[in-house]
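What follows is calculated from the coordinates using simple rules that are stated; it is not laboratory data. Since the model is a prediction, treat every value here as computed from it, not as a measurement. Cβ: placed from backbone, ideal geometry, glycine included. Neighbour counts: every protein chain shown.
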Amino acid sequence: MPLIETSDGPVWKRRTTKKQLAIWVGWLIGITIVLYAWILMTEETVWFFVQDAPRQAMDIGTRMVPPKLSYMSRLWLPIWDTINIATLGTVIALFIAIPVAFAAARNTTPHFLVRAVAIFIIVSSRSVNSLIWALILVLILGPGVLAGTIAIGLRSIGFCAKLLYEGIEEIDHTQVEAIAATGASRPQQMLYGIVPQVLPTFAGVGVFRWDINIRESTILGLVGAGGIGLELNGSINTLAWTQVSMILLVILLTVIISEWVSAKVRGAII
Amino acid sequence: MLRLEGLSKRYKTGDEALKDVDLEIPDGQVIALIGPSGAGKSTLIRCVNRLVEPTRGKVYLGELELTGLSSGALRRARRKMGMIFQEYALVERLSVMENVLSGRLGYVGFWTSWTRKFPKKDIQEAYRLLDRVGLMDMADKRADELSGGQRQRVGICRALIQDPDLLLVDEPTASLDPKTSRQIMRLINELCKERGLAAIINIHDVQLAQMYSQRVVGLELGSIVYDGPPDGLTPEVLTRIYGEEDWEATIEKVDDEDVENAPETIVIPKKKTASPKSKAKAGNGKGKS
Amino acid sequence: MSDAPTTFPSHWKKPPLVKNSTLRWGLILGFAIYLAIGLGTMDVDWERAWDGIPKGKRFILAFFPPDFSDSRNVVLDGILESVWMAIIATVAGIAISVPVGLGAASNLAPKWVYLFCRAIVAGSRTFPEVILAIFAVKLFGFGPFAGFIALAIGTIGFFAKLLAEDIENMSASQAEAIKATGASWFQWINYAIQPQVMPRMIGLSVYRLDINFRESAVVGIVGGGGIGATLNTAFDRYEFDTAAAILLIIIGIVMVLEYISGYLRKWVQ
């Protein structure tokens with residue numbers, strides 16, 4: 001194909017003319033979309049602000065140093081709440097995600113209708129960000145840690161269940177077959193043939209999600225769902241920039257520590 | 001006694017793995033099922049305990065027709081058929097003991113299997129079997145810590161603790177070295193004799209089949225093309241099963257192997273262990289053609 | 001068998017996961033204490049939660065049916081704004097990620113470039129997009145531009161890191177073979193690196209577009225424009241039926257994006 005006959009003999013080209021054309025058209029469409037999107041989006045942009053942004057950034061930056069270390073004494077409780085939201089939220093999510101995952105995996109689902117319901121739960125839980133869940137729950141349950149925990153839990157169900165059911169579908173089937181051949185019932189086959197194979201995946205997914213949840217729970221306070229985000233919101237609104245930098249520092253440290261812990265634990269499991 | 005009547009299996013892909021197979025295996029007889037890959041050996045074995053659902057035909061174990069059973073009755077029937085797998089098929093993340101005890105799952109309830117509180121005599125029997133195959137010290141090791149030969153021994157224990165009447169053995173030596181293969185085959189053979197078990201052993205190694213069975217059944221493209229004593233495997237017969245090859249070398253080997261009086265650990269001269277598979281052997285060429 | 005019967009133990013217990021019993025009980029106890037304190041300090045206002053039940057019921061009922069009528073076109077505008085925002089943020093973020101990612105691959109870049117690029121990656125990865133958006137709103141004013149900046153920075157952290165890791169994991173022998181032909185640095189990147197990492201990168205960019213769209217729904221809550229702003233307004237006004245419609249639309253679009261990315265990844269490979 002890529003050899004093209006010309007008057008000077010065959011010439012090698014990477015692609016055929018038609019394919020090359022298709023690629024050019026693809027690029028054209030892509031660039032048009034991006035340019036169009038850019039124009040639409042910047043319609044409302046006040047360019048004065050954008051030009052002014054570097055100066056503003058410098059201004060805020062200088063006002064943020066030094067971080068107000070004494071503020072730390074008021075941050076212990078919020079950070080504790082943040083960690084609790086993430087941890088308890090992950091625990092709740094795992095409890096619900098495990099049966100959902102077994103219902104969603106092709107090789108363990110009791111019925112294809114059950115599977116459809118499970119997949120629907122997974123997709124809707126995944127599509128809605130924890131901040132939106134928090135927004136809804138604060139409205140219903142009132143502000144506080146409870147709303148945050150449930151929000152994190154609801155968001156994590158889909159994530160965990162998706163990874164878990166993919167893990168369940170990837171197991172070695174002959175091990176299950178061997179258990180079935182002994183005359184074991186379906187629940188027993190699951191217990192001896194499937195659960196041991198997917199247990200490491202379960203633990204890995206739980207720790208992985210916990211790490212993400214620590215990050216996510218730092219912002220839930222912005223809509224009133226408890227944790228350190230509440231302090232962040234308050235400090236920004238009162239323009240207390242040295243407090244803001246202190247909070248960011250604490251978030252940074254928490255995230256680094258949680259990442260380290262999760263890497264360690266996952267290393268130990270696998 | 002196991003009896004297959006007109007057993008046929010056609011897969012969804014359209015492949016006809018078994019065509020009208022009739023076979024009778026009396027109590028206590030060990031038969032070897034030989035044939036090229038894709039001949040339907042695995043399918044035949046799996047149709048017996050219905051891990052693969054046959055399309056047509058009947059399977060009787062004693063008086064019981066297995067093919068007509070409901071799932072509950074099938075589970076009870078499966079307890080009487082121990083299965084040993086190619087690549088062992090142990091649950092790798094469970095301990096050796098759990099793997100052996102999993103052979104009793106058909107006899108205990110869900111709660112017992114959940115808590116691992118198996119009846120005392122089951123545990124005793126598990127230890128007795130592990131001792132018999134020489135793995136007494138490995139009981140609490142995880143299955144994936146074991147070597148291939150050791151894993152297959154655990155697989156044998158799992159099948160035997162079911163207290164079966166029949167063993168279904170699927171390529172037990174496929175991933176083992178020649179020496180271990182012989183040890184495993186001898187072990188299966190001895191255990192069958194001790195307990196008076198009937199067994200169907202799928203095996204692609206003609207030599208091993210001849211050494212360790214009382215009867216050989218040759219399968220080709222889903223049909224039985226040979227059924228007779230091990231020493232009836234002449235070059236003509238093997239050609240019928242496997243196709244044209246130099247078979248003289250393969251058969252000759254068997255004659256000078258003293259099967260009955262083999263010592264506990266066979267020391268096999270190097271030139272014989274070098275290429276145990278019949279196909280590889282043909283390549284060496286003892287010169288026939 | 002002829003050997004002496006009943007000499008075998010009749011008792012067996014599954015060996016525990018943690019062999020050291022002090023450590024085992026310590027872990028169990030520690031977790032129990034944590035749960036107790038954690039739940040204890042949760043400080044739940046049960047009365048308020050009880051009062052919220054009718055509101056919750058109203059919210060759930062609002063899904064049957066959701067209000068798609070959208071008389072003032074706010075929902076459509078918000079969705080479109082989110083889509084545009086996500087597209088540009090993805091494109092801009094990836095455009096910046098490519099040099100940063102190349103620089104952050106230890107087998108490609110000199111030490112100081114490597115450290116510099118890794119710092120960029122770490123910096124843009126640490127904070128959630130929402131916090132980035134808060135600052136972007138402070139700097140650039142309310143509206144989609146701030147959201148765009150926040151999402152683009154988030155994209156850099158995500159994409160450059162994965163690109164760098166992919167390059168570090170690629171087959172060294174292929175890279176060596178091209179280098180051995182006397183290729184220049186750019187030729188080397190083009191012939192040895194690009195073919196190896198490209199398929200995965202295309203899949204990842206669609207995945208990131210998916211993430212950016214989902215995130216665009218939340219940066220709006222803090223003033224970053226897009227559907228998030230519309231959603232926030234709907235909640236503030238207790239217009240649950242509109243909120244339900246918006247949520248369903250988001251779910252629908254995410255599903256479509258997920259389908260496209262799955263299809264594209266198959267097509268690329």
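Modelled spin labels at C:Ser173 and A:Gln56, positioned 7 Å past Cα toward Cβ, are 5.5 nm from each other.
With a simple spin-label model that places each label point 7 Å from the Cα along the Cα-to-Cβ direction, the separation between B:Ser223 and B:Leu64 comes to 3.3 nm.
At a 10 Å Cβ-Cβ cut-off, how would you order A:Leu252, C:Leu162, A:Leu222, fewest neighbours first?
Lowest to highest Cβ neighbour count: A:Leu252, C:Leu162, A:Leu222.
Segment A:Ser70..A:Arg106, full-extension length gain: 7.4 nm, with 0.36 nm per residue of separation and the alpha-carbon distance subtracted.
Phi-derived couplings, Karplus 6.51 cos²θ - 1.76 cosθ + 1.60 at θ = phi - 60°, listed residue by residue for the range C:169-186: 8, 6, 6, 6, 5, 4, 4, 5, 4, 5, 4, 5, 7, x, 6, 6, 4, 5 Hz, with x used for Gly and Pro. Ranked for footprinting exposure by Cβ neighbours inside 10 Å, fewest first, C:Tyr34, B:Tyr242 give C:Tyr34, B:Tyr242. Computed 3J(HN,Hα) for the range A:86-95, one whole-Hz value per residue from the Karplus formula 6.51 cos²θ - 1.76 cosθ + 1.60 where θ = phi - 60°, is 5, 5, 5, x, 5, 4, 4, 4, 5, 4, glycine and proline marked x.
With 18 Å as the limit, the listed pairs B:Lys19/B:Lys58; C:Lys161/C:Lys266; B:Lys80/B:Lys117; B:Lys9/B:Lys41 have C:Lys161/C:Lys266; B:Lys80/B:Lys117 beyond it between alpha carbons. Counting only DSSP H runs of at least 4 residues, each contributing -39500 (n - 2.57), and dividing by the residue count of the protein assembly as shown, the helix-based mean residue ellipticity at 222 nm comes to -20000 deg cm²/dmol. Here the Karplus curve 6.51 cos²θ - 1.76 cosθ + 1.60, taken at θ = phi - 60°, turns the phi angles of the range A:232-246 into couplings of 4, 4, x, 5, 5, 5, 8, 6, 8, 5, 5, 5, 4, 5, 4 Hz, with x standing for Gly and Pro. Would you mind counting up the charge near A:Gly221? Only other residues with Cβ under 9 Å from its Cβ, with Lys and Arg at +1 and Asp and Glu at -1. Local net charge: -2. Of all DSSP-defined beta bridges confined to the protein assembly as shown, some 60% are antiparallel rather than parallel. The ranking of A:Leu137, A:Leu69 from fewest to most other beta carbons within 10 Å of each one's beta carbon is A:Leu69, A:Leu137.
The slack in the chain from A:Trp80 to A:Lys18, taken as 0.36 nm per residue of separation less the alpha-carbon distance, amounts to 16.2 nm. Placing unit charges on the Cβ atoms only, positive for Lys and Arg and negative for Asp and Glu, gives the range C:1-152 a dipole magnitude near 640 debye about its Cα centre. If I take R0 = 30 Å and measure r between the Cβ atoms of B:Asp27 and B:Glu236 in this structure, what FRET efficiency does the formula 1/(1 + (r/R0)^6) give, to the nearest 0.05? Computed FRET efficiency for B:Asp27 and B:Glu236 comes out at 0.45. Dipole magnitude for the protein assembly as shown: about 900 debye, using +1 per Lys or Arg Cβ and -1 per Asp or Glu Cβ, origin at the Cα centre. Placing +1 on the Cβ of each Lys and Arg and -1 on the Cβ of each Asp and Glu in chain A, which of A:Thr149, A:Leu222, A:Asn233 has its Cα farthest towards the positive end of the resulting dipole? Looking along the dipole axis, the top candidate is A:Thr149. Taking amide H positions as modeled 1.01 Å from N, with prolines and chain starts lacking one, the residues under 5 Å from B:Ala199 and 5 or more places away or on another chain are B:Gln29, B:Val30, B:Ile31, B:Leu167.
Extension gain, C:Trp25 to C:Ser10: 0.36 nm times the residue separation minus the Cα-Cα distance gives 2.7 nm. If a spin label sat at a point 7 angstrom from the Cα of B:Arg93 along the line to its beta carbon, the backbone N atoms of the range A:236-270 nearer than 16 Å would be those of A:265-270.
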